[in-house]
Amino acid sequence: MKKLFLVSVLMLALSLSSFAHAAVKLGIAADMDLSIVAQIDNYNIVVGDSGFAVDYLVKTGTFNNTTPLSWYFSGGGWAGWNHGYGVRVPVGVSWEFAKAWDLYGQVQPVANFDDDFKLSVDGAIGVRFAF
C-alpha cells in the first residue's frame, strides 16, 4: 500500500511537470523519518514511511543577489507520524549548490491534535533535484 502511494505521488509530480509546466523538485530528506520530498510550484510534499505532510510556500526571498541562498516561510499540515495529525509552520533556508540541485534545512513549530494538544519544534534537512 505504501509503495503504491509513493509511486502515485511520483507519477503525479511528473505528470504535473509535463502537462501543467509546473516547477518540480524531487529528493530525499530527514523530516520526522527518512522521506521522499517533492516541491511542486508552491507546495512542499513530504512522504515518509509512516506519515506525510503538505505545506504551502507563503513567502520566499533571497538574502542578496550574489549568493545562492534563499529563505522561505510556509504553513501546512501533517498526518500519520505516531498516529497523530496537526499543523506545522516550516521556516527554512535553501542553498543551490550545483545546477538544478539544492540543499535545504528548516525548523518547524508543530501543533499536535491527536490525543491532547501538544506543541513541539521539529527540523528537517534534505536535498532536491529540479526538473
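Just a few scattered comments:
- Length added when fully stretched, A111-N64, from 0.36 nm per residue minus Cα-Cα: 13.7 nm
- Value of relative contact order over segment 2-130, rounded to a whole percent, pairs C-alpha under 8 Å and six or more apart: 19 percent
- Segment 2-130: C-alpha gyration tensor shape, a/c 1.5 cut-off, then a/b vs b/c: oblate
- Dipole of segment 2-130 computed with +1 at Lys/Arg Cβ and -1 at Asp/Glu Cβ about the Cα centre; of N64, Y43, A100, farthest Cα towards the positive end is A100.
- Stretchable slack from Y43 to V93, in nm (0.36 nm times residue separation minus alpha-carbon distance): 16.4 nm
- Look at where the Cα atoms of segment 71-131 and of segment 27-61 average out, and the two centres are 6 Å apart.
- For S50 and L103, a Förster radius of 22 Å and the Cβ-Cβ distance give a FRET efficiency of 0.35, rounded to the nearest 0.05.
Any read-out appearing in this document is the output of simple, stated calculations on the displayed coordinates, not a laboratory observation. As the structure is a prediction and not an experimental result, all values here were calculated from the model. Counting neighbours? That spans all protein chains shown, and the Cβs are built from the backbone with ideal geometry, glycine included.
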